[in-house]
Amino acid sequence: MKKLYAVIGNPIGHSMSPIMHNDLFSFYQIDASYLPFQIKSEDLKDAVDGFKAIGIGGFNVTVPHKTAIIPLLDEVDELAASIGAVNTVVNENGRLKGYNTDGPGFLKGLQAFMSGAASKKILLIGAGGAARAIYFTLAMEKPDAIDIANRTVAKAQSLIDDCPYSVKSEACTLDEAGRKLGEYDLVVQTTSIGMAPKIADQPLDLSNIKKHSHVCDIIYNPLETKLLQDASNRGANVQNGIDMFVYQGALAFEKWTGIFPDVERMRENVLKQLGGLHVNR
Ligand code: NAP
């Protein structure tokens, strides 16, 4: 019988996950369909119970349900529990288990592009949901340090205080981070600054950037943010958010099917939807 997979969120119409996963199911000749469902917060419990009742194979969870879903699941793995957010659920013999593949997806994308980047001195810009998943995952890699710059410095400090993995970290303002930018080998931009339609915005001044450092912006709309253009003009290696998106999906697909999929195929498919070119260089 055909298996069902899904993504739930609100809104959900913009999600590229159905196109990406349906293509993989067809490519690997797996009899399954992946559908988007727009679920209101007040209907989340009913949706999860319904998925369980119909024996869903698994599903992705996106904004605004990544945290609210946790108490509705039978089990949550250790990393997702520490992050406090689930983006992938697997039906394991009738029990729904939650995972977080956002942080690991970011890390895998980073490692595919540049080995060793996660071991150096890192600046994380932003302290929201995506930053939390990335910070906890990078902390497990034991880099020299991960400082966090955020508009609201108290949020950066709580992220540091909440992290169960030991890593040298300081919280600072965006201006302070700009002044000491020359200390960092890797800069990871996780705020929504620069995302369409406000594509002329940039979170900090890059005048002090270290030569040949690596700058990742997890935004992929636009494919090249103002920050990445600026970093590239100053000689940094740049990477956009496509890799994080594709690898979080690849890790979810692997959890559901046991197959680690062809990420180049996934990347091309996503880029085709976005109608652009891959800017990493
Ligand atoms: P979030 O939880 O709402 O966090 C937003 C972050 O942006 C916070 O650090 C916030 O600072 C900062 N921010 C927002 N507007 C700002 C402004 N005008 N000035 C300064 N700082 C501002 O959002 P999220 O879920 O982490 O998502 C953040 C971005 O990551 C979005 O662009 C999203 O599309 C992207 N993303 C990409 C992927 C991927 O797969 N590539 C996955 C997830 C998210 P405060 O704490 O001061 O409010």
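The values are calculated or read from the model by the stated rules, or taken from the named source; none is laboratory data. Everything numeric here is computed off the predicted structure, so don't read it as measured data. Cβ coordinates were reconstructed from backbone atoms using ideal geometry, including for glycine residues, and neighbour counts include every protein chain displayed. Remember, those area values only see protein heavy atoms, side chains included, never the ligands or the DNA or RNA. Shrake-Rupley method; radii C 1.70, N 1.55, O 1.52, S 1.80 Å.
In this structure, Gln157 does satisfy being part of a helix (DSSP H, G or I) and among the polar types (S, T, N, Q). In the range 135-169, of all residues being among the acidic types (Asp, Glu) and open to solvent by 30 Å² or more (accessible area, probe 1.4 Å), the one that is farthest from the ligand (Cβ to nearest atom) corresponds to Asp144.
The set of residues in the range 1-48 that are more than 30 Å from Leu271 (Cα to Cα) and open to solvent by less than 70 Å² (accessible area, probe 1.4 Å) comprises Asp43, Leu44, Ala47, Val48. Of the residues making up the range 18-50, those that are more than 21 Å from the chain's Cα centre (by Cα), part of a helix (DSSP H, G or I) and in contact (Cβ under 8 Å) with a residue 24 or more places away in the chain number 6. The residues listed here are Gly258, Gly276, Gly249; of these, the one that is more than 19 Å from Ile125 (Cα to Cα), modelled with pLDDT under 95 and not acidic (Asp, Glu) is Gly276. The helices (runs of 4 or more DSSP H) falling completely within the range 218-281 that include 3 or more residues that are more than 27 Å from Tyr5 (Cα to Cα) and either open to solvent by 20 Å² or more (accessible area, probe 1.4 Å) or among the aliphatic types (A, V, I, L, M) (or both) map to 226-233.
Might you let me know whether the range 79-93 holds any residue that is open to solvent by 10 Å² or more (accessible area, probe 1.4 Å), under 21 Å from the mean Cα position of the chain (by Cα), at positive phi and within 13 Å of the ligand (Cβ to nearest atom)? Yes - at least one qualifying residue is present in the range 79-93. Any residue in the range 194-202 that is more than 9 Å from the ligand (Cβ to nearest atom) and in contact (Cβ under 8 Å) with a residue 40 or more places away in the chain? No, the range 194-202 has no match at all. For the range 112-134, filtering for residues that are modelled with pLDDT of 95 or more and either more than 12 Å from the ligand (Cβ to nearest atom) or β-branched (Val, Ile, Thr) (or both) leaves 5. Considering every residue within the range 238-258, establish whether at least one is of a type in the set (Lys, Arg), away from the ligand (no atom under 13 Å from the Cβ) and under 20 Å from the mean Cα position of the chain (by Cα). For the range 238-258, residues of a type in the set (Lys, Arg), away from the ligand (no atom under 13 Å from the Cβ) and under 20 Å from the mean Cα position of the chain (by Cα): present.
Among the residues making up the range 208-227, those that are touching an Asp or Glu at 6+ places or on another chain (Cβ under 6 Å) and within 13 Å of the ligand (Cβ to nearest atom) are Thr225, Leu227. Inside the range 96-111, can you point out the residues that are assigned to a helix (DSSP H, G or I) and either within 13 Å of the ligand (Cβ to nearest atom) or within 21 Å of Leu159 (Cα to Cα) (or both)? Hits for the range 96-111 are Asp102, Gly103, Pro104, Gly105, Phe106, Leu107, Lys108, Gly109, Leu110.
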